[in-house]
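The values are calculated or read from the model by the stated rules, or taken from the named source; none is laboratory data. Remember, predicted model here, so these are calculated numbers, not experimental data. Cβ placement follows ideal geometry from the backbone for every residue including glycine, while neighbour counts extend to all protein chains displayed.
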Amino acid sequence: MEQHRENKQHIGFFGRCNVGKSTLINTLIGQDIAIVSEVSGTTTDIVKKTMELKDVGAVVLIDTAGIDDKSELGKKRIEKTMEVFSLIDLAVIIISENNFSSYEKDLIKECKRFSIPYLIVYNKQDIFPIEDNTRKEVANYYKNLIIVSKNDISIKENLTKELAKLLQDNSFQSSSILKGLIKKDSLVVLVTPIDSSAPKGRMILPQVKVIRDVLDNDAVNIVVKETELEQTLKNLKTYKPDLVITDSQAFNMVSKIVPQEIALTSFSILLAKEKGDFDLFLKGTPYIDKLNDGDKVLMLESCTHQPTCEDIGRVKLPAWIRKHTGKDIKFEAIAGLTNMEKDISDVKMVIQCGGCMATKRQLHNRLLPFAEKGIPVSNYGLTIAYINGIFQRATKIFMK
Ligand SMILES: Nc1nc2c(ncn2[C@@H]2O[C@H](COP(=O)(O)OP(=O)(O)OP(=O)(O)O)[C@@H](O)[C@H]2O)c(=O)[nH]1
Ligand code: SF4
Ligand SMILES: [Mg+2]
């Protein structure tokens with residue numbers, strides 16, 4: 001299965017104008033992708049490029065605009081540059097000309113806020129050799145400063161090694177989705193309705209991922225539609241399933257068929273567990289019952305263009321929540337990973353999509369501003385489980 005760009009780890013390159021951000025990216029990629037020039041402010045838009053990194057796999061490099069551009073347009077670009085923090089797994093901060101002050105410290109502050117590992121590179125050593133003062137000052141923030149010039153032949157090797165090391169240590173990289181929930185030879189029954197909304201001739205990503213994960217755990221998959229579930233369970237008299245995983249939309253029907261002693265959860269809850277801040281979701285979801293008339297709820301979609309699940313976040317969930325609470329709640333959907341409202345003080349609750357096109361880190365970073373303000377956060381799968389009265393059951397296996 002091809003890895004989607006949004007599921008790859010992202011590395012952001014930051015620094016003042018003209019320090020050599022684009023040059024460094026070109027050196028890493030080995031071709032002139034980013035436009036380099038001696039004119040300050042050459043990179044005006046965020047540029048993304050994919051490269052293969054040894055021992056890590058494909059990663060996305062993000063070139064940004066300089067953070068010291070004082071023009072009117074520059075301010076807008078700086079805003080865009082700072083939004084990149086919600087996308088990345090690692091930051092490369094580039095400095096030069098012995099400049100290390102508030103601009104760089106602000107970048108480090110942002111890295112710390114989002115718990116993003118960073119490395120610092122001193123560039124243009126050939127024309128602006130680093131001074132002792134700069135070295136000492138940087139050492140307060142980062143111990144392994146990498147000093148380079150664009151013509152060093154060893155940059156690529158040294159830098160890619162360091163990037164790989166930091167990305168491999170990334171605790172946000174998810175391992176097995178079902179680890180700890182099933183063991184060798186466990187039987188897992190997957191319920192996947194095939195209705196008009198199912199894509200033609202294939203399964204959707206969460207289903208494919210779970211099927212693969214069951215196999216990786218040396219366990220056994222049985223995949224059925226909800227209409228065949230009851231008979232299948234009857235047929236499995238001696239081989240009792242350890243776990244049933246269903247599409248959220250069939251949860252209600254499925255939960256009536258699956259005996260209480262068999263663990264039951266949904267694909268979207270597994271995805272939330274794999275990717276989202278699950279504990280935050282578990283805590284935030286019951287807030288649904290505290291919502292009042294006129295309260296604003298933000299629906300966060302991680303796709304920028306036409307989410308395949310658009311109707312869930314924009315039509316179905318709002319209708320279900322209004323019906324469940326009996327309150328006239330205002331819903332607002334925001335698509336994209338960086339597209340964020342500046343003022344979130346009137347937001348009473350946030351419901352995050354399944355995030356199938358985003359990394360765990362991206363979801364974490366996107367939700368951070370809300371978590372920092374104590375705004376309750378849930379996600380589609382857990383909300384659907386909650387309003388269907390099966391939240392307790394669907395999350396029970398994770399409570400152990
Ligand atoms: N002498 C020398 N010149 C360099 C080095 N690295 C980059 N340059 C030059 O510095 C200029 C700016 O490089 P860019 O890579 O465009 O810098 P940038 O940080 O992307 O700049 P903006 O996009 O304008 O913010 C170019 O003329 C590069 O050729 C270096 O190590 N030594
Ligand atoms: S769950 Fe989120 S990321 Fe996946 S298709 Fe829907 S909006 Fe896009
Ligand atoms: Mg540039």
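Restricting the range 149-173 to residues that are part of a helix (DSSP H, G or I) and among the acidic types (Asp, Glu), the residue that is modelled with the highest pLDDT is GLU162. Is the range 87-96 home to any residue that is surrounded by fewer than 19 Cβ atoms within 10 Å (Cβ to Cβ) and either more than 16 Å from ligand 2 (Cβ to nearest atom) or touching a residue at least 40 places away in the same chain (Cβ under 8 Å) (or both)? No, the range 87-96 has no match at all.
To keep it simple, each residue is scored yes or no on (1) within 17 Å of PRO117 (Cβ to Cβ); (2) within 16 Å of ligand 2 (Cβ to nearest atom); (3) at pLDDT 85 or above.
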position	(1), (2), (3)
MET1	no, yes, no
ARG16	no, no, yes
LYS48	no, no, yes
ASP69	no, no, no
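Out of curiosity, is ILE67 assigned to a helix (DSSP H, G or I), aliphatic (A, V, I, L, M) and over 17 Å from the mean Cα position of the chain (by Cα)? Against the criterion (assigned to a helix (DSSP H, G or I), aliphatic (A, V, I, L, M) and over 17 Å from the mean Cα position of the chain (by Cα)), ILE67 does not qualify.
Counting the residues of the range 243-261 that are within 14 Å of VAL191 (Cα to Cα) and not in a strand (DSSP E or B) gives 12.
Scanning for something in contact (Cβ under 8 Å) with a residue 40 or more places away in the chain and either within 16 Å of ligand 1 (Cβ to nearest atom) or more than 14 Å from ILE95 (Cβ to Cβ) (or both), does the range 123-132 turn up at least one residue? Within the range 123-132 (the criterion being in contact (Cβ under 8 Å) with a residue 40 or more places away in the chain and either within 16 Å of ligand 1 (Cβ to nearest atom) or more than 14 Å from ILE95 (Cβ to Cβ) (or both)), the answer is yes, since at least one residue qualifies.
Condition check ((1) away from ligand 3 (no atom under 16 Å from the Cβ); (2) at pLDDT 95 or above; (3) at positive phi; (4) touching a helix residue (DSSP H, G or I) at 6+ places or on another chain (Cβ under 9 Å)) across all residues:
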site	(1), (2), (3), (4)
PRO199	yes, no, no, no
VAL210	yes, no, no, yes
ASN221	yes, yes, no, yes
LEU229	yes, yes, no, yes
ILE245	yes, yes, no, yes
SER248	yes, no, no, yes
PHE251	yes, no, no, yes
LEU271	yes, no, no, yes
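Does LYS342 satisfy the condition of being touching a residue at least 24 places away in the same chain (Cβ under 8 Å) and surrounded by fewer than 23 Cβ atoms within 10 Å (Cβ to Cβ)? In short, no. Kindly check whether there is at least one residue in the range 215-222 that is within 30 Å of ILE375 (Cβ to Cβ) and under 25 Å from the mean Cα position of the chain (by Cα). No, the conditions are met nowhere in the range 215-222. Given the criterion part of a helix (DSSP H, G or I), within 16 Å of ligand 3 (Cβ to nearest atom) and out of contact with any Asp or Glu (no Cβ under 8 Å at 6 or more places or on another chain), identify the matching residue among THR27, THR44. On inspection, the qualifying residue turns out to be THR27. Inspection of the range 95-118 identifies no residue that is of a type in the set (D, E, K, R), in contact with a Lys or Arg (Cβ under 9 Å, 6 or more places away or on another chain) and in a strand (DSSP E or B). Being farther than 20 Å from ASP169 by Cα and basic (Lys, Arg) is a condition met by no residue of the range 53-67.
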